[in-house]
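For reference, the structure is listed below as structure tokens.
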């Protein structure tokens, strides 16, 4: 799988979530049938497209099991009254699994002209701002210095 990566810059610390997500999705699926594409459609959105020509919506099943997207196809094209002289279009079953990163949710799936599109979105939690306590050497926390108040009396 060839894709350009722009995440190698040292200025992009912490922005490698998409690269990791793409790697995890692509590594879990074995090569073979049916062929598929993974594309980035937006900053936090992906689309997995599988070529499933010959399968109807009733033949396909898309499920999420734990953190895996599982796509199954089963075609019941074996009719006993059909006599094939040559059969080049195989009616075979398949199962494709894609490991999903944490925070990835399935937006939906659609079948269009023999292509099954599964849209994914990564939900990024709101950033949390924290103040980090600075410690002195030796591991002791610094205590704020108390302010002294001085009473000033006017001359009488």
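The values are calculated or read from the model by the stated rules, or taken from the named source; none is laboratory data. Every value quoted in this text rests on a predicted model; they were computed, and no experiment measured them. All Cβ positions, even for glycine, are placed from backbone atoms using ideal geometry, and neighbour counts span all protein chains on display.
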Kindly indicate whether residue 53 is modelled with pLDDT of 90 or more, touching a strand residue (DSSP E or B) at 6+ places or on another chain (Cβ under 9 Å) and either outside any strand (DSSP E or B) or surrounded by 12 or more Cβ atoms within 10 Å (Cβ to Cβ) (or both).
no
Considering residues that are touching a helix residue (DSSP H, G or I) at 6+ places or on another chain (Cβ under 9 Å) and either at pLDDT 85 or above or in a strand (DSSP E or B) (or both), the number found within segment 76-115 is 7
